[in-house]
């Protein structure tokens, strides 16, 4: 559906866009480990992606997202800190509309290093999600804009789910 909506938009202003595309985003994440009660965390994340532009409005490629998030469990029985290092590796399909709006759907693998009250472990799952943004400033082929991403790990014991918001550079 994303592709059909974006395909209806006017073509990119530049008739010969670069065949290589890259995105780098710095985002702040609000996330949850669904496999644990009272485990909500937040922290910075970095997302980098590289791809091949198949036409002026479409690209395919791969992305890597990594972060460092922490939280605190406080209830009537417990009071301790925990942390998560989420790592997402995915393939994506991206579309651009109106020369400023862009969106991607991605599928890959999610690896999570969780330190839960001094006990450290790894979890993995199938990463699915969507991301997108609006280019606010454009200089030739360089763009800077706002960015958002929603992702979740399926078939995972810990069940990492995150919403990220930040800034993105695109080329």
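The values are calculated or read from the model by the stated rules, or taken from the named source; none is laboratory data. What you see is a predicted model, and the numbers here were worked out from it, not measured in a lab. Don't worry about glycine lacking a Cβ; one is built from the backbone with ideal geometry, like all the others, and counts go over all protein chains shown.
Quick notes on this one:
- Of all the numbered requirements in (1) surrounded by 14 or more Cβ atoms within 10 Å (Cβ to Cβ); (2) more than 18 Å from the chain's Cα centre (by Cα), residue 30 misses one, and that requirement is (2).
- For segment 74-86, the set of residues classified as assigned to a strand (DSSP E or B) and either buried (at least 18 other Cβ atoms within 10 Å of the Cβ) or out of contact with any strand residue (DSSP E or B) (no Cβ under 6 Å at 6 or more places or on another chain) (or both) consists of 74, 79, 82, 84, 86, listed by residue number.
- Residues that are assigned to a strand (DSSP E or B) and crowded, with 23+ Cβ neighbours inside 10 Å within segment 157-169 comprise 160, 162, 164, 168, listed in sequence order.
- Taken over segment 115-156, the criterion of being crowded, with 17+ Cβ neighbours inside 10 Å and not in a strand (DSSP E or B) is satisfied by 156 alone.
- Within segment 159-171, residues that are closer than 19 Å to residue 84 by Cα have Cβ atoms under 6 Å from residues that are modelled with pLDDT of 95 or more and surrounded by fewer than 17 Cβ atoms within 10 Å (Cβ to Cβ) in these pairs: 163/150, counting only partners at least 6 apart in sequence or on another chain.
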